[in-house]
Amino acid sequence: MTGRRGYSRPGVRSWIVAGFLVLAAPGLAQETPAPLLTLDQDRLFLESDFGRAAVERERVATAALEQENRRIEAELVAEEQALTKARATLAADEFTARAAAFDAKVVRIRNEQDAKARSLTEGRDKDRKDFLKVAVPVLGEILGDRGAMAILDKGLVILSLSAIDVTDDAIARVNAALAEPPAAQP
């Protein structure tokens, strides 16, 4: 129908077609290859079987180290208090020697515990690197399967369709890849 000003008013048929397109858009977006895909890297690691196991290993090791640190701290506090009490009965040179030995012991223990904490951090970094060795080829397969040009970190994307997020697919494929025994090296 044409109005007085020479333009057509949208009819019921136009609204139905527009509504259908809006409802069909998510389905179309999933079938159409997207040149760019997004991935939540943290979720990929943390929700994969490998990532869950690595996080649990680190949690257990960290808790054990924290417990050990509390035990050592209690022992050192008790030893320091005993040394302070003994000060009144010890000769000055003997107290100085014991205090120096205690200080050296504290420094040694602190260095040992710091090394253990660094080892935990290095283990976490190694787990991430080992995970990436498997994940990167899997992500390459997803890239090819989807006909995409790149996978961007989801945190860097301001707005996107959920259809281009391949995190769930990547988690499933990485889990499957890690479930297979590694091929023998030549």
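Descriptive notes on the structure:
- Every residue from the range 59-118 that is of a type in the set (Lys, Arg) and under 30 Å from LEU46 (Cβ atoms): ARG59, ARG70, LYS116, ARG118
- Single unsatisfied condition, THR89 versus (1) outside any helix (DSSP H, G or I); (2) hydroxyl-bearing (Ser, Thr, Tyr); (3) within 21 Å of ASP125 (Cβ to Cβ): (3)
For (1) open to solvent by less than 70 Å² (accessible area, probe 1.4 Å); (2) in a helix (DSSP H, G or I); (3) more than 30 Å from VAL55 (Cα to Cα), each residue gets a yes or a no:
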position	(1), (2), (3)
GLU94	no, yes, yes
ALA97	yes, yes, yes
GLN113	yes, yes, no
ARG118	no, yes, no
THR121	yes, yes, no
LYS126	no, yes, no
GLU141	no, yes, no
ILE158	no, no, no
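- Some residue of the range 61-82 being closer than 30 Å to ARG173 by Cα, open to solvent by less than 50 Å² (accessible area, probe 1.4 Å) and in a helix (DSSP H, G or I): yes
The values are calculated or read from the model by the stated rules, or taken from the named source; none is laboratory data. As the structure is a computational prediction, the values presented were derived from the model and not from experiment. Cβ sites come from the backbone with ideal geometry, for glycine too, and all protein chains shown count toward neighbours. In case anyone asks, the SASA skips ligands and DNA or RNA and just uses the protein heavy atoms, side chains included. Shrake-Rupley method; radii C 1.70, N 1.55, O 1.52, S 1.80 Å.
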